[in-house]
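Visitor: Input: one structure, supplied below.
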Amino acid sequence: MQYGHFDPDKREYVITKPNTPSPWANYLGSPEYGAIITNAAGGYSFVKSGAAGRIMRYVFNSEDRPGRYIYLRDNADGDFWSASWQPVGKDLAEYASECRHGTGYTSMKAEYKSIASQADYFVPHGKTYEVWRLTITNKSAKARELSVFGYVEFTNDSNYEQDQVNLQYTQFISRTYFKGNHILQTINENCINSVNGNAKATRVFALSGAPVVSYCGDKESFLGDYNGYSRPQAVQNGQCSGILNYCANSCGALQTKISLAVGETKEIAFIFGEKTTEEADALVKKYDNPAAASADIVELKAYWHGKLNNFTVDTPDADFNNMINTWNAYQCFTTFVWSRAASLVYCGQRNGYGYRDTVQDIQGIIHLDPEMALDRLKFMISAQVNHGGALPLVKYSHNAGHEDKPEDDSYVRSTGHPSYRADDALWLFPTIYKYIAETGDLSFLDEKIPYADKGEDTVYAHLLKAIDFSLNHLGVFGLPAGLHADWNDCLRLGAKGVSVFVAFQLYYAFDIMARFADAKGDTTTVADMQKKQAEFGAIIEEKCWEDDRFVRGFSEKGEVVGSKTNAEASFWLNPQTWAVISGFADTDRAKTILDKTYTSLNTPYGAKVMASAYKDHPFDGALAILFNPGVKENAGVFLQTQGWLVLAEALLGRGNRAFEYYRESCPSAQNGAAEIRRLEPYVYGQFTESDESPFMGRSHVHWLTGTASTVMVGSVEGVLGIRPDLKGLRVSPSIPSSWKKFSMEKRYQGKLLKITVLNPEGKEGCAGGVSKMTLNGAELKDNYVADADLRDVNDIVLVM
Ligand code: GLC
């Protein structure tokens with residue numbers, strides 16, 4: 001079933017049926033002032049921390065309530081509705097609704113009894129407050145007298161958990177005041193200095209553009225008994241009570257009255273934030289001028305669209321275009337900026353960046369905003385420990401050079417991470433490579449960056465140390481130990497057991513390091529890396545290959561994981577895809593393992609992370625058994641891995657298969673099956689339930705997931721074949737053979753590339769060579785452009 005459609009020109013998703021199968025959300029602002037809003041106007045806001053800075057209340061795992069509510073009331077007959085379909089929830093036969101989620105803003109249009117309204121919700125770029133701008137028009141044939149009520153529920157404590165459960169304390173620390181144009185909420189009002197870590201805080205809910213005619217600062221008195229958010233007493237009465245909160249629940253409720261002549265339009269704005277009365281007054285003044293809100297929205301669009309325009313495609317597949325041009329890209333920025341901090345699933349409790357998550361997230365935006373990527377990359381390199389391992393969690397307060405680490409009790413206590421993971425630092429190799437290839441900035445390797453605990457080194461030396469860390473943590477057969485986890489949080493292979501996934505990561509790292517060393521003229525390191533790679537390759541071949549598959553690993557007790565002989569979980573996805581990505585598998589081998597992957601793991605919604613699920617025969621470190629079969633790491637379609645699968649098939653030149661996988665999990669391609677997938681059709685989730693679940697196709701954990709970046713890389717480098725290296729750019733698409741033509745525009749090293757790909761013979765890849773490629777009219781040797789030959793604007797035509 002379809003609940004909406006994409007509007008590619010505006011870069012919006014338009015929800016036309018508001019009763020979506022789950023709350024379909026958007027992200028506003030940034031973690032400095034973050035706001036999540038759903039199509040039902042549910043959601044919450046916070047300052048700096050989703051868990052500790054929560055200022056707008058939201059009840060998790062419930063009914064997508066409360067939120068940012070604007071109630072409209074016809075004063076002639078007392079009938080009322082809301083500017084978003086919920087919370088009043090009028091009969092959809094009489095109530096027209098359209099919710100447009102855009103890049104950094106959400107607009108709700110409604111029409112009921114000939115009153116049209118549009119509520120635009122946004123956090124102005126770089127600001128720490130939010131605006132709900134309401135435009136209201138009388139489309140009826142008579143003059144109308146309306147009331148508008150804005151309603152927000154403040155948390156009583158910035159710590160969201162305290163607000164929800166510690167009522168014997170939090171109800172008694174908050175109160176509200178009316179200040180003419182706003183409700184002011186205070187918390188711990190008497191604490192000018194901090195007491196027990198608590199200090200005075202103030203929040204405001206203000207009205208701009210019209211006078212306040214009644215107000216209320218107490219939730220229960222606004223809602224009344226047993227009315228819920230759909231029939232608040234104040235709205236029924238046509239007036240707020242004027243009661244302020246003292247020892248109950250704070251809210252901000254402001255009423256204004258609006259007279260509308262036939263055809264007349266008026267605009268007002270509600271403003272919410274952690275601000276003082278003086279700041280509220282200034283904001284009210286600013287937004288008294290309707291042009292202020294319009295200018296904010298223009299600025300937001302310019303900011304986001306400017307970034308997204310750095311890489312655009314025009315292919316025969318509209319779903320692919322929707323994702324690459326807007327939604328996958330926007331999700332990459334969202335995960336990059338917000339990490340795994342706050343969503344409708346994550347409450348914001350993690351107090352830092354997951355190392356592997358963040359270093360992978362960076363990969364999703366390098367082609368769109370290399371500078372932004374660089375800042376975070378340096379930050380993450382500075383969270384590598386002097387012995388080469390990486391901090392599993394990098395605190396938001398990270399202080400490079402002075403951090404404690406998993407060896408220290410203090411680190412374990414404050415992060416909950418008791419030891420190193422095998423993969424963390426190894427993600428630096430592909431990410432740094434992508435950054436340098438994209439920008440051409442080889443000198444980055446010579447930049448000095450501190451370690452987390454002590455000392456500093458060049459980036460080049462940091463990378464060598466990451467390799468040392470793996471070499472100093474070898475398990476059986478001298479292959480990389482699995483430690484506390486590898487990429488898979490649910491695989492505990494320990495200090496003696498082996499992760500084959502990490503073995504391929506390390507194999508790949510040797511290759512990248514050798515390329516860097518070669519570029520620097522460091523022949524000793526080139527030789528060393530090549531020697532080690534060959535040695536490790538021989539052990540992998542001898543110990544990890546089994547007829548038609550690479551096994552997943554070896555447990556501490558020496559059991560093989562992912563062997564034909566296993567009663568469960570006998571075939572795993574990641575070692576097959578990474579055998580290809582790392583360059584270890586030759587073409588024949590790659591075909592064998594990827595064909596086996598297709599027959600053993602594929603479902604209509606993507607390939608499972610392994611099969612079958614653990615039920616009765618787990619080994620000791622098989623934590624996946626905790627999950628229901630067909631879910632998450634226990635034989636679910638773990639969506640992050642699909643990007644690697646698309647990439648592996650594409651590297652092999654099998655464009656048809658790559659794209660088949662791409663579409664299986666592409667949100668846009670499932671726009672018509674929302675009742676099955678349930679998640680936003682414009683956003684990837686963390687996983688989809690597989691055929692081992694009774695709810696195959698249902699997806700979970702929206703927005704903040706590594707899926708965004710792996711699928712982006714699989715699409716851009718894999719399908720579209722944009723593969724920069726240290727000296728130039730290869731264009732090697734692996735596409736469906738039905739695509740006869742497509743084009744791309746890419747900003748690259750300060751230049752513009754206009755690339756047209758023609759595929760008259762209906763090929764699916766460039767493995768057998770290309771017919772011809774031209775750069776600005778001149779024919780090239782093959783499908784490779786040297787950076788040095790680029791002009792400011794370049795026309796590249798590839799005939800496959
Ligand atoms: C989650 C975690 C990520 C991990 C993955 C697989 O997405 O955030 O760190 O790699 O699960 O277990």
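Visitor: Beyond 20 Å, what share of the Cα-Cα pairs of segment 290-363 is found? Please give it as a whole percent. Could you put the intermediate results ahead of the total?
Guide: On the way: 1331 of 2701 pairs.
Considering segment 290-363, 49 percent of its Cα-Cα pairs are separated by more than 20 Å.
Visitor: Which lysines, on any chain, are close to residue 520 with Cα under 22 Å apart, when same-chain ones fewer than 8 places away are left out?
Guide: 378, 434, 448, 465, 531, 532, 727
Visitor: Just to confirm, what accessible area per residue do you get for segment 101-158 at 1.4 Å probe, in whole Å²? Could you put the intermediate results ahead of the total?
Guide: Values: 1430 Å² over 58 residues.
About 25 Å² of surface per residue is accessible.
Visitor: For segment 285-434, state what percent of all Cα-Cα pairs lands in each successive 10 Å bin, counting from 0 Å until the bin that includes the largest distance.
Guide: Each 10 Å bin holds this share of Cα pairs: 10, 31, 29, 19, 9, 2.
Visitor: In Å, what Kirkwood hydrodynamic radius results for segment 679-759 from the alpha-carbon pair distances?
Guide: On the way: mean 1/r = 0.0655 Å⁻¹.
When all Cα pairs of segment 679-759 are included, the Kirkwood radius is 15.3 Å.
Visitor: Radius of gyration and Dmax for segment 412-461's Cα atoms, expressed in Å?
Guide: 13.9, 41
Visitor: Sticking with this structure for a sec: With every atom except the alpha carbons ignored, what do you get for Rg and Dmax of segment 559-606, in angstroms?
Guide: 11.3, 32
Visitor: With all pairs of different alpha carbon atoms counted, what Kirkwood hydrodynamic radius in Å does segment 1-113 show?
Guide: Working: mean 1/r = 0.0672 Å⁻¹.
Computed over Cα pairs of segment 1-113, the Kirkwood hydrodynamic radius comes out at 14.9 Å.
Visitor: How many percent of all Cα-Cα pairs in segment 422-513 sit more than 18 Å apart? Display every interim value, and only then the final one.
Guide: Values: 1969 of 4186 pairs.
Value for segment 422-513 (Cα pairs over 18 Å): 47 percent.
Visitor: Can I ask one more? May I have the pair-distance distribution P(r) for segment 482-539, computed from all Cα-Cα distances with 5 Å bins from 0 and rounded to whole percent?
Guide: P(r) for segment 482-539, in whole percents per bin: 4, 20, 22, 17, 15, 12, 8, 3, 0.
Visitor: Something else: Using only Cα atoms and rounding to the nearest 10 degrees, what angle (0 to 90) does helix 290-308 make with the longest principal axis of the chain?
Guide: Rounded to the nearest ten degrees, it is 10.
Visitor: Please give the Cα centre distance for segment 741-755 versus segment 1-77, rounded to the nearest Å.
Guide: Segment 741-755 and segment 1-77 have Cα centres spaced 35 Å from each other.
Visitor: In addition: Give the span of segment 347-435's Cα atoms along each principal axis, as three whole-Å numbers ordered largest to smallest.
Guide: Cα spread of segment 347-435 along its principal axes, largest to smallest: 39, 32, 21 Å.
Visitor: Same structure again: What accessible area per residue comes out for segment 175-248, rounded to a whole number of Å², with a 1.4 Å probe? Please report the intermediate quantities before stating the final value.
Guide: Working: 3450 Å² over 74 residues.
Heavy-atom accessible area per residue stands at 47 Å².
Visitor: With every protein chain left in place, what is the accessible area per residue of segment 669-718 in square angstrom, probe 1.4 Å? It would help to have the intermediate numbers written out before the result.
Guide: On the way: 1190 Å² over 50 residues.
Using a 1.4 Å probe on heavy atoms only, each residue of segment 669-718 averages 24 Å².
Visitor: While we're on this one: Residue 387 accessible area, nearest 10 Å², 1.4 Å probe?
Guide: 70
Visitor: In whole percent, how big is the carbon plus sulfur part of the accessible area of segment 709-800, probe 1.4 Å, protein atoms only?
Guide: Values: 1740 of 3770 Å².
Using a 1.4 Å probe with all protein chains present, segment 709-800 comes out at 46 percent carbon and sulfur.
Visitor: In whole angstrom, how far apart do the alpha carbon centroids of segment 146-197 and segment 393-413 sit?
Guide: 33
Visitor: Determine one quarter of the surface area of the Cα convex hull of segment 495-574, which equals its mean projected area, and express it in nm² to one decimal. Don't skip to the answer; put the middle values down first.
Guide: On the way: hull surface 23.9 nm².
Projected over every direction and averaged, the Cα hull of segment 495-574 covers 6.0 nm².
Visitor: While we're here: Tell me, how many Å apart are the Cα centres for segment 714-738 and for segment 612-669?
Guide: 23
Visitor: Can you pull out the cysteines in the chain that have no other Cys Cβ under 4.7 Å?
Guide: 99, 191, 247, 251, 332, 347, 490, 544, 666, 766
Visitor: Extent of the chain along each principal axis, from alpha carbon coordinates, in Å, largest to smallest?
Guide: For the chain, the Cα extents along the three principal axes come out at 82, 62, 51 Å.
Visitor: Moving on to the next point. Just the number, please: carbon plus sulfur as a percent of the accessible area of segment 618-707, 1.4 Å probe, no ligands or DNA/RNA counted.
Guide: Values: 1290 of 2400 Å².
Of the solvent-accessible surface of segment 618-707, carbon and sulfur hold 54 percent.
Visitor: For the chain, what is the percent of antiparallel DSSP beta bridges, rounded to the nearest 5?
Guide: Working: 145 of 152 bridges.
Counting only bridges with both partners in the chain, antiparallel ones make up about 95 percent.
Visitor: Let me ask you something else. Tell me, what % of the accessible area of segment 468-548 is carbon and sulfur with a 1.4 angstrom probe?
Guide: Values: 1500 of 3090 Å².
Ligands and nucleic acids excluded, carbon and sulfur reach 49 percent.
Visitor: By the scheme Lys and Arg +1, Asp and Glu -1, what is the net charge of all other residues having a beta-carbon under 13 Å from that of residue 127? Walk me through the numbers on the way to the answer.
Guide: Details: positive: 275, 286; negative: 32, 130, 274, 279, 296, 299.
With Lys, Arg at +1 and Asp, Glu at -1, the net is -4.
Visitor: For residue 286, give me every one of the aspartates and glutamates with a C-alpha distance below 14 angstrom, ignoring sequence neighbours fewer than eight places off in its own chain.
Guide: 130, 267, 278, 296
Visitor: Follow-up question, since we're still on this one. Cα atoms only, segment 108-257: Rg and Dmax in Å?
Guide: Rg, Dmax (Cα atoms, Å): 17.1, 61.
Visitor: Still on this structure, I have one more. What is the angle, in °, between the Cα long axis of helix 523-544 and the longest principal axis of the Cα atoms in the chain? Nearest 10 is fine, range 0 to 90.
Guide: Tilt of helix 523-544: around 90 degrees.
Visitor: Count the net charge of all other residues whose Cβ sits under 10 Å from the Cβ of residue 751, scoring Lys and Arg as +1 and Asp and Glu as -1. Please list the in-between numbers first.
Guide: Details: positive: 746, 747, 791; negative: 787, 792.
Once positives and negatives cancel, what remains is +1.
Visitor: Trypsin sites (Lys or Arg not before Pro) within segment 722-795: which are DSSP loop residues with at most 14 other Cβ atoms inside 10 Å? Let's see the in-between values first.
Guide: Working: sites: 727, 730, 740, 741, 746, 747, 751, 754, 763, 772, 781, 791; in loops: 727, 740, 763, 781, 791.
Those that pass, being in a loop and sparsely packed, are 727, 740, 781, 791.
Visitor: What is the spread of the Cα atoms of segment 373-491 along each of their three principal axes, largest first, in whole Å?
Guide: 37, 36, 23
Visitor: A further question follows. Specify, per residue and in Å³, the volume enclosed by the convex hull of the alpha carbon atoms belonging to segment 200-329. Don't skip to the answer; put the middle values down first.
Guide: On the way: hull volume 27.9 nm³, N = 130.
Convex hull of Cα atoms, per residue: 215 Å³.
Visitor: Can I get the semi-axes of segment 592-702's equivalent ellipsoid? Compute them from the C-alpha gyration tensor as square roots of 5 times the eigenvalues, in angstrom, largest first. Spell out each step's value before the answer.
Guide: Numbers: eigenvalues 96, 73, 22 Å².
Gyration-tensor ellipsoid for segment 592-702: 22, 19, 10 Å.
Visitor: Now for a different question. Going by alpha carbons, how many degrees (0 to 90, nearest 10) lie between the helix axis of 655-665 and the longest principal axis of the chain?
Guide: With rounding to tens, the tilt is 30 degrees.
Visitor: Which net charge results for the neighbourhood of residue 660, defined as the other residues with beta-carbon distances under 15 angstrom from its beta-carbon, given Lys and Arg at +1 and Asp and Glu at -1? The partial results should precede the final answer.
Guide: Working: positive: 654, 657, 663; negative: 317, 319, 595, 649, 664, 764.
It works out to a net charge of -3.
Visitor: If you take the alpha carbon radius of gyration of segment 542-653 and divide it by 2.2 N^0.38 Å, what ratio comes out, to two decimals? Could you put the intermediate results ahead of the total?
Guide: Numbers: Rg = 13.4 Å, N = 112, 2.2 N^0.38 = 13.2 Å.
Expressed relative to 2.2 N^0.38 Å, the Cα Rg reads 1.01.
Visitor: When only C-alpha pairs under 8 Å and at least 6 residues apart count, what is the relative contact order of the chain, in percent?
Guide: Details: 1977 pairs, mean separation 75.3, N = 800.
Relative contact order, the chain: 9 percent.
The values are calculated or read from the model by the stated rules, or taken from the named source; none is laboratory data. Because the structure is a prediction, the values reported are computed rather than measured. Note that we place each Cβ from the backbone using ideal geometry, even for glycine, and neighbour counts take in every protein chain shown. Areas reflect the complete protein model, heavy atoms only, side chains present, ligands, DNA and RNA absent. Shrake-Rupley method; radii C 1.70, N 1.55, O 1.52, S 1.80 Å.
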